[in-house]
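As structure tokens, the structure follows; a few thoughts come after it.
Since every read-out is calculated from the coordinates, none of them should be taken as a lab result. A quick note: this is a predicted structure, and the numbers were derived from the prediction, not measured. Cβ placement follows ideal geometry from the backbone for every residue including glycine, while neighbour counts extend to all protein chains displayed.
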Amino acid sequence: MGGIIMSELGQAKTPWHLWVIGVIATIWNAGGVASYLATETGNLEAMGMTAEQIAYFSSFPAWAVAFWALGVWGCFLGSIALLLRRKFAVWLYGISIVGLLGTTYYERAVADIPESMQTHGQLWFAVAIWVITISLFVYASRMARAGVLR
């Protein structure tokens, strides 16, 4: 990431990569929020899901839905906080990791995932979500330590 440049007042200047990462992260996480909202409002057909997929997502117990909400909303709001250069972005990303842990536990240990959804693409997408979420947490932590986030 290189060194953080300090302003004349001793405050860290915002590096260009914060804006790039923040905007991309916000767009990426808006997709998660849209998926969550479509599920919670019963609008899954509009997302092109099959009846089997709709039944699967509609069967989530309340505790799994709560973890999913923590995951998607934590990461989305964390991305907005990152763009606003707020330290609490780190906490929001941390909350999203807790949500992701609960959701992953449900999907891997409890849920009966339809066979049509057990593809290599689904596995790689789940891995990508973990990598991105942890990377955003680490990035925000580094920006907070460098004094970029207030």
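The table that follows gives values for the structure above.
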item	result
Between region 129-150 and region 60-117, the Cα center-to-center distance that results, in Å	16
Span-like helix ranges in the chain, DSSP H, alpha carbon extent 27 angstrom or more, Kyte mean at least 1.0	62-83, 120-145
Relative packing of 60-71, 121-132, 137-148, which averages over residues the other C-beta atoms within 10 Å, highest first	137-148, 60-71, 121-132
Segment residue 150-residue 34, length gained on full extension (0.36 nm per residue, minus Cα span)	38.9 nm
Other-chain or far-sequence residues with amide H under 5 Å of residue 12's (modelled H)	7
Radius of gyration, Dmax [region 29-72; alpha carbons; angstrom]	10.0, 26
Residue-averaged 222 nm ellipticity for the chain, from DSSP H runs of 4+ at -39500 (n - 2.57), nearest 500	-22500 deg cm²/dmol
Protection-proxy order for peptides 81-92, 109-120, each taking the mean of Cβ atoms within 10 Å per residue, highest first	81-92, 109-120
Value of D in µm² per second that Stokes-Einstein yields for the chain, Kirkwood Rh from Cα pairs, at 20 °C (1.002 mPa s)	130
